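Some notes on the structure that comes next.
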Amino acid sequence: MRVLLVYDHLDVGGAQTHGLGLSRQLMRAGHAVAVASRGGGLAGRFAENDVTVLDWPAPRRSQIIRLSDSIRRAGKVLRAWSPDLIHAHAVLPGVLFSVAARRRVPIVFTPHRSWRSMYLGADGALLSWMMYQVLRQRADHVIAVSEGYERELIRHGLRRERCTLARVGVDVGAFDAVPSLSDDSARSVGTIGRLIAQKGVDVLVAAAAQVARVAPNVRFLIVGDGPLRDDCIRWIESHGLRHRVTLLGERTDVPALLSQMSVFVSASRWEGMPAAVLEALAARRPVVATRVLGSSELIEDGVTGLLVPPDDPAAMSAAILRLLNDPALARSLGEAGRQVVESRYSLKVMAEQVMDVYRQVVTRHVDRT
């Protein structure tokens, strides 16, 4: 089967990491894989795995006027590569490719974030409802990355038979070399993610300031890049944390980075299924995460990690200090988290579930035509 993965960009992120792992499994199973996007830091990683990397100028939000040109170029990609199936990991690019395909190629969508959580405020319910209706109209099938998101999709009108749960998977073996925590492990707190509003880095910096007041020997690592980098520097400066917080930029050596962290923090305001949290659990790191869709499914509070409300620096700092001051609890949570990942979030199992969806969708499409 020839599978075309569609993204808006290939900068480092959970959806892109998911696609990289999925493409490896697809290639091993004998499928041909291509990825279309406007490019980004992970493009080379896809190419290294023999995935065909296709240039497609996905429009940014400020470039909606270019939609017709994007559809035209999507058509050129489809004619040049001739996929049997399109798998869209971002909704707008997926919709544009579905228009270009004119129903001749089936399309599967995997949304990686909850619009109901994203669109807050007076117009939030209407905006999220509109996004789900677009998905319902355009998708031949939808893959949900978490149980909570599957329920949300069905609640917004997607028929149950057109929705399949395939939890995000992680290559657990890639984290085997990360050493377990010990009583003399360096006291360091870290996060990995794009510097965007969703990830709540401003909340983490505010929590770091509270931790620093009572634990002066703790350092903080922020891994990732994005449009809020300059804001992040300003937040760090305003809290007097210049010598306590290190911005490491965009990196791909995740196991090595997790080895440097004694506590991992996810301050997200919304999620679908956070790949960074999965990787931290696979590395046996104790996790403090916000109680949002995806994270609250991964983490059982007090058993596999600690959950705190979003946008609450005080609760976050208290949870971080609890783990720093109780190495036995930190180790226990880390080991329990690893066991959950091994039992429920296998990359191989996820890929097999996705490939089964592909086969069903292609068979239905052939029967219709």
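Tabulated results
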| quantity | calculated |
| --- | --- |
| Index of the failed condition, D69 passing every other in (1) surrounded by fewer than 21 Cβ atoms within 10 Å (Cβ to Cβ); (2) modelled with pLDDT of 95 or more; (3) of a type outside the set (S, T, Y); (4) assigned to a helix (DSSP H, G or I) | (2) |
| Counted residues, the stretch 57-66 - those being in contact with a Pro (Cβ under 8 Å, 6 or more places away or on another chain) and either crowded, with 17+ Cβ neighbours inside 10 Å or β-branched (V, I, T) (or both) | 1 |
| Options A336, A315, A328; residue that is among the small types (G, A, S), over 17 Å from R167 (Cα atoms) and touching a Ser or Thr at 6+ places or on another chain (Cβ under 7 Å) | A336 |
| Residue in the stretch 19-28 that is at negative phi and at pLDDT below 90 present | no |
| S332 being assigned to a helix (DSSP H, G or I), of a type in the set (G, A, S) and surrounded by fewer than 23 Cβ atoms within 10 Å (Cβ to Cβ) | yes |
| Within the stretch 2-60, strands (runs of 3 or more DSSP E) holding 3 or more residues that are free of Cβ contacts under 8 Å to residues at least 60 places away in the same chain | 32-37, 52-55 |
| Residue, modelled with the lowest pLDDT, within the stretch 108-145, restricted to residues that are closer than 18 Å to K199 by Cα, hydroxyl-bearing (S, T, Y) and outside any helix (DSSP H, G or I) | Y119 |
| Residue list for the stretch 182-194, restricted to those being surrounded by fewer than 23 Cβ atoms within 10 Å (Cβ to Cβ) and either in contact with a Ser or Thr (Cβ under 8 Å, 6 or more places away or on another chain) or in a helix (DSSP H, G or I) (or both) | S185, A186, R187, S188 |
| Qualifying position, being in contact (Cβ under 8 Å) with a residue 40 or more places away in the chain, surrounded by 14 or more Cβ atoms within 10 Å (Cβ to Cβ) and touching a Gly at 6+ places or on another chain (Cβ under 9 Å), among S317, S296 | S296 |
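The values are calculated or read from the model by the stated rules, or taken from the named source; none is laboratory data. All values derive from a computational prediction rather than experimental measurement. Positions of Cβ are generated from backbone atoms using ideal geometry, with glycine treated the same way; all protein chains shown enter the neighbour counts.
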